[in-house]
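Report on one structure; see the data block that follows.
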Amino acid sequence: MKAVVFDRYGPPEVLQIRDIPKPCPKDDEVLIRIHRTTVPAEDPMIRGFTFSPLFWLPLRFAFGLLRPRKRILGSEFAGEIEAVGKSVTRFKVGDQVYGADIKGLGACAEYKVIQENGMMLPKPANLTYDEVASACGSVAGWNVLRDQANVQPGQKVLINGASGNIGTHAVQIARHLGAEVTGVCSTRNLDLVRSIGAVHVLDYTQEDFTENGQTYDVIFDAVSKRSFSQCKQSLTHSGAYISAVPSITVLLQKFWTSKFGTKKVLFSATGLRPIEERLALFNEVDALVAQGIVKNVVDRHYSMEQLAEAHRYVATGRKRGSVVIDVIPADQSI
């Protein structure tokens, strides 16, 4: 099978298409013929190993100290099951599925294996592979906005970085929960963010939301660009600040604000929850996706041969929604 492999950390050019053996599923695994995968912001960071100092050493051990241990990137996937292990009962050959394998990665290839109890569900029959390729991006937002921040109808929620993959899902989830949503993005994305449910849109190149005198019940920094200290005055008396990525400062602030004061610091740690809990969240998100309540925003499509170019684009930080890799060309896929 063809796969995009990297043998060393470095620039996009380290990504190379190669022919490698097709994996065989174990008793509790399924083999998926990948139709679509995505390039999340984390993939260029893994490839070039540009993580913050807080995570550099533990992640270096996790991903490979001297060279990559996981040589094929890609966590999100949508495709068709081609083979199943003898113990598999949840899925059968021919099932169309989608999901994410954050730990194993490996979706930038024609085939990958995953345990049947992993983060994977049947694809809604009314949706295409394109429409579900990045749907797992909603799971973290659903967890943090509904369960942790407890967003209620009529509350004011601000999403900073509202045009990115996490942000576009968060805007739609907050709207579904009944919130009055304000989206912060660049000039070229104002119409997009308004079209997916934001009542108010702010152009960060023209206006600083922390200085306009408005207050919000929840501020979700989906791009981790504004700190709690910067946002604190823009929170209501019992408001919550949410960071998409925990830093050492955020971790300490979360602990401190859980003990003292009324304004809280939260962060999404969905990936650390037990698989049973993550699958339960995924099932809830699946219902929203199937009903069209939450829709994926796709910025660009690339082929596997163009993966290095896709990484360059994602690394600019300017992508809107998700960047999708067509492992199978669009005219051959559903």
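The values are calculated or read from the model by the stated rules, or taken from the named source; none is laboratory data. Just so it is clear, the model here is predicted, and its values are computed rather than measured. Neighbour counts are summed over all protein chains in view; Cβ atoms, including those assigned to glycine, are modelled from backbone coordinates with ideal geometry.
Residues that are crowded, with 22+ Cβ neighbours inside 10 Å and more than 20 Å from Arg320 (Cα to Cα) were ranked within the range 38-74; the one that is modelled with the highest pLDDT is Leu73. Kindly provide the set of residues from the range 311-330 that are more than 16 Å from the chain's Cα centre (by Cα), under 19 Å from Cys108 (Cα atoms) and not aromatic (Phe, Trp, Tyr), ordered by number. Hits for the range 311-330 are Arg312, Asp326, Val327, Ile328, Pro329, Ala330.
So which helices (runs of 4 or more DSSP H) are wholly in the range 225-334 and hold at least 2 residues that are not assigned by TED's automatic domain parsing to the domain that holds Asn126?
In the range 225-334, 228-231, 248-259, 275-290 are the helices (runs of 4 or more DSSP H) which contain 2 or more residues that are not assigned by TED's automatic domain parsing to the domain that holds Asn126.
For the residues Val285, Val327, Val289, the requirement of being in contact with a strand residue (DSSP E or B) (Cβ under 6 Å, 6 or more places away or on another chain) and aliphatic (A, V, I, L, M) singles out Val327.
If you go through the range 158-209 and keep only what is in contact with a Pro (Cβ under 8 Å, 6 or more places away or on another chain) and touching a residue at least 40 places away in the same chain (Cβ under 8 Å), you end up with just Asn165.
Taken over the range 142-181, the residue count meeting the criterion of being among the acidic types (Asp, Glu) and at pLDDT 95 or above is 1.
Ser258 passes every criterion in (1) more than 26 Å from Met119 (Cβ to Cβ); (2) among the polar types (S, T, N, Q); (3) touching a helix residue (DSSP H, G or I) at 6+ places or on another chain (Cβ under 8 Å); (4) modelled with pLDDT under 90 apart from (3).
Okay, residues lined up against (1) over 14 Å from Arg71 (Cβ atoms); (2) touching a strand residue (DSSP E or B) at 6+ places or on another chain (Cβ under 8 Å); (3) in contact (Cβ under 8 Å) with a residue 60 or more places away in the chain; (4) not aliphatic (A, V, I, L, M):
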| residue | (1), (2), (3), (4) |
| --- | --- |
| Tyr9 | no, no, no, yes |
| Arg18 | no, yes, no, yes |
| Cys24 | yes, yes, yes, yes |
| Asp27 | yes, no, yes, yes |
| Ile32 | yes, yes, yes, no |
| Asp43 | no, no, yes, yes |
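Taking the range 274-305 as the range and being surrounded by 15 or more Cβ atoms within 10 Å (Cβ to Cβ) and more than 17 Å from the chain's Cα centre (by Cα) as the test, the residues that pass are Ala290, Ile293, Tyr302, Ser303, Met304. Can you confirm whether the range 13-26 contains a residue that is assigned to a strand (DSSP E or B), surrounded by 15 or more Cβ atoms within 10 Å (Cβ to Cβ) and out of contact with any Phe, Trp or Tyr (no Cβ under 9 Å at 6 or more places or on another chain)? For the range 13-26, residues assigned to a strand (DSSP E or B), surrounded by 15 or more Cβ atoms within 10 Å (Cβ to Cβ) and out of contact with any Phe, Trp or Tyr (no Cβ under 9 Å at 6 or more places or on another chain): present.
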